[in-house]
């Protein structure tokens, strides 16, 4: 005799509810165990997380490829729409950059000569690795990124991540084939900075918003809107002079508008910076050969060219012609005048 469907569903429903309850209790128990284990031994949890990220990296790369393709198509379409305006802006920027290029070359030559004369110690050499952003992490570090380069590529915790626009953050964990970056907008991020020009030092504090706070300014120093911030190099973690962003005043509080677009971040460079690394010896100073600076005096007309006088033929010089009395009197008058 065949069982009715309604009766079979009535027998399976309690089992389904029981399975849901047991599964929920099991998940809660596992989560509680992970939290307790993280408090007792954070190293084991971090290693396990790195192993899981390494295992998931190939899958994340496969998932990231279509997303990158869609982003590229959107950028191409957006470029076609705004192509004329962008071309006009690029032409104007080109003209400005040509002027600045000449000035930069002259200043670079002068700076190089002054460094040689003063025997300035050069900055330590740095190396970098370029990696692709394949995912955004979670957990206690909210604003984190996962990249597809790890210890095998020379990536290690503490290294700084940058782009051509500015600072992205720093490496907080590295596996064999992947690593996690802590962005400067994260709540746990603290970045020593200085207002460009050395006017004041401060700390860029992330608060999980798109614009970090500017804190610990010296007494009497007030940041102005539009001030540019760069890394100060304090603590030896970040190289000095890396661009961070510009100051914006929001409700009377100075905040930083990062120059890095985190919503369009595809590639980053991981910079290995060691302030204690040995540097190449400075050669003995030599006399610099600088090009003369352009003169500001008005241009003068060149003197007329004088035809060269042919050399006299060999032989005795001809004797001067005798002067008449009138010629002698005229010469005497000219001498008196």
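Which of the residues belonging to the range 160-174 are surrounded by fewer than 22 Cβ atoms within 10 Å (Cβ to Cβ), touching a residue at least 24 places away in the same chain (Cβ under 8 Å) and either out of contact with any strand residue (DSSP E or B) (no Cβ under 7 Å at 6 or more places or on another chain) or not in a strand (DSSP E or B) (or both)?
The answer is 163, 165, 166.
Residue 19: surrounded by fewer than 12 Cβ atoms within 10 Å (Cβ to Cβ) and at pLDDT below 75, yes or no?
no
Residues being outside any loop (DSSP other than H, G, I, E, B) and in contact with a strand residue (DSSP E or B) (Cβ under 9 Å, 6 or more places away or on another chain): count how many of those fall in the range 144-159.
6
Name the residue, out of 64, 108, that is assigned to a helix (DSSP H, G or I) and loosely packed, with under 11 Cβ neighbours inside 10 Å.
108
Please go through the range 116-125 and give me each residue that is surrounded by fewer than 16 Cβ atoms within 10 Å (Cβ to Cβ) and either modelled with pLDDT of 70 or more or closer than 28 Å to residue 60 by Cβ (or both), ordered by number.
Residues satisfying the conditions are 117, 118, 119.
Within the range 213-225, is even one residue assigned by TED's automatic domain parsing to the domain that holds residue 134, under 18 Å from the mean Cα position of the chain (by Cα) and in contact (Cβ under 8 Å) with a residue 12 or more places away in the chain?
No.
For the structure I just gave you, tell me whether residue 136 is over 30 Å from residue 217 (Cα atoms), at pLDDT below 90, surrounded by 11 or more Cβ atoms within 10 Å (Cβ to Cβ) and out of contact with any strand residue (DSSP E or B) (no Cβ under 9 Å at 6 or more places or on another chain).
Spelling it out, it is not the case that residue 136 is over 30 Å from residue 217 (Cα atoms), at pLDDT below 90, surrounded by 11 or more Cβ atoms within 10 Å (Cβ to Cβ) and out of contact with any strand residue (DSSP E or B) (no Cβ under 9 Å at 6 or more places or on another chain).
The values are calculated or read from the model by the stated rules, or taken from the named source; none is laboratory data. Note that the structure is predicted; figures quoted are calculated from it, not measured. All Cβ positions, even for glycine, are placed from backbone atoms using ideal geometry, and neighbour counts span all protein chains on display.
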